[in-house]
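Below: one structure, written as structure tokens.
Any read-out appearing in this document is the output of simple, stated calculations on the displayed coordinates, not a laboratory observation. Since the model is a prediction, treat every value here as computed from it, not as a measurement. Because the Cβ atoms are built from the backbone with ideal geometry, glycine has one as well, and the counts that use them run over all protein chains shown.
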Amino acid sequence: MQHLSLEVHMDIVALIGRLLFVLVFLMSGVNHLTNLAAMSGYAESKKFPAPRAAVAVSGAWIIIAGLLVLIGVWADLGALMLFVFLVATAFGFHAFWSETDPGTQQNEMNHFLKDIALAGASLVLFVVFSQADIGLTTTGPLFG
């Protein structure tokens, strides 16, 4: 019986961890959609094609991905979707190597490294969700 109790606690810890992980994506996705004009201007300044559509689609993309991970419906797919978003964002928006101003370069490098670190965490979550039952998920993996 003691083992079952620890298992239930770990399921709760895993759910809390998923919530903390996806919070940044859910809030950012809502920000994409509620501040579409400002976010589109930033995307346009980075020479991103169809900036308004890209911001709207990426906002919806990360909200859906975050909810998949949080709720545990094909959470492996959600983690993979976050990975794709983060790599695209890191290289598409935070190309620190092309900046000449040292302050801007440092800021962009920080954002780049944050996105790459989160992309790595997303890949780990993808593997965990596709190979293990971590509990408190709604469905099994899509790719497992």
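With R₀ set to 22 Å, the beta-carbon distance separating Leu33 from Val124 gives a calculated FRET efficiency near 0.20. Sparsely packed loop sites in region 1-76 (the trypsin sites (Lys or Arg not before Pro) outside DSSP H, G, I, E and B with at most 14 other Cβ atoms within 10 Å) comprise Lys46, Lys47.
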